[in-house]
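Report on one structure; see the data block that follows.
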Amino acid sequence: MTRMNTSSEQVRVFFALWPKSPERLALSAWQAEIQSLCGGQVMRADTLHTTLVFLGEIDRTRLEALKLAAQEVTFRPFELGFDAARYWGHNHIAYAAPTDVPPRLMRLVADLEQRLGRHRFHFERRPYKPHVTLLRHAKWTDEALPAMAAVHWQINEFVLVQSLQDEQGGHYEVLARFAASELE
């Protein structure tokens, strides 16, 4: 007997930094001005986030193991400041980016990747570039986008998120939260 995987047995997941309402509202405030220049589709405010590690489809039965791997990660709180609007022409995305990437953020991503690898999880491996996608299907040139009011975000946790699709389109559900520690 051959066991077939069905979509109900797979979940699409990623780890992210998930903003609270003030940061989410501040980031969404950038969207109108950038959309007036670039066009494109505005991301819903409730979906704004910064991906840390994208895993994609995993077997639902491995969710608990995934959470246990993430619990092994230790990091201290840090501030992440988004202060630049940028554009990726290869995928037509306008996004918010930090000019200065905190070393603690880079250590968090590296530690998370290391723990996931030890637990035999496969994930997207590429140089990490923190960003918040603001617009999809945007069109812009190599010209710099205008300066935006900086958004400062205190990072005290990261989350495991499931990407879902329904008749209203895509949305996200936070499955677990992992708090920063005072000890590294």
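Values in this text are rule-based calculations from the coordinates and carry no lab data. What you see is a predicted model; the values in this text were computed from it and never measured. Please note: Cβ atoms are built from the backbone with ideal geometry, for glycine as well, and neighbour counts cover all protein chains shown.
Have a look at Gln162, Gln31, Gln154 and tell me which one the Gaussian network model of the chain (Cα, springs below 10 Å) gives the largest fluctuation.
Gln154
Lysines within cross-link reach of Lys67: Cα-Cα under 23 Å, excluding same-chain residues under 8 positions apart?
Lys20
For the stretch 56-121, what percent of Cα pairs sit more than 17 Å apart? Each step should come with its number before you reach the end.
Details: 1260 of 2145 pairs.
The proportion of pairs with Cα distances above 17 Å equals 59 percent.
Towards the positive end of the charge dipole of the chain, with charges on Cβ (+1 Lys, Arg; -1 Asp, Glu), say which of Tyr172, His122, Leu112 has the farthest Cα.
The residue sitting farthest along the positive end of the dipole is His122.
What net charge do the residues around Thr50 carry, taking every other residue with its C-beta under 11 Å from that of Thr50, with Lys and Arg at +1 and Asp and Glu at -1?
0
For the chain, with only Lys/Arg (+1) and Asp/Glu (-1) charged at the beta-carbon, what is the dipole magnitude about the Cα centre, in debye rounded to 20? Don't skip to the end; give the middle numbers.
On the way: 21 positive and 22 negative charges, 88 e Å.
Result for the chain is approximately 420 debye, rounded to the nearest 20.
When Val101, Val174 are ordered from fewest to most other Cβ atoms inside 10 Å of their Cβ, what list results?
With the sparsest Cβ surroundings first, the list reads Val174, Val101.
Roughly what percent of Cα-Cα pairs across the stretch 51-184 reach past 25 Å?
35
Report, in cubic angstrom per residue, the convex hull volume of the C-alpha atoms of the stretch 123-184.
With only Cα atoms used, the stretch 123-184 gives 198 Å³ per residue.
Which is farthest toward the positive dipole end of the stretch 41-161 among Gln71, Leu135, Gly89, measuring Cα position about the Cα centre, with Cβ charges +1 (Lys, Arg) and -1 (Asp, Glu)?
Highest projection toward the positive end goes to Gln71.
Count the net charge of all other residues whose Cβ sits under 12 Å from the Cβ of Pro19, scoring Lys and Arg as +1 and Asp and Glu as -1.
Its environment carries a net charge of -1.
If we count every other residue with Cβ under 15 angstrom of Val151's Cβ, Lys/Arg +1 and Asp/Glu -1, where does the sum land?
Every neighbour counted, the sum reads -2.
Against the 2.2 N^0.38 Å scaling, with N counting residues, where does the stretch 1-88 land? I'd like the Cα-based Rg ratio to two decimal places.
1.47
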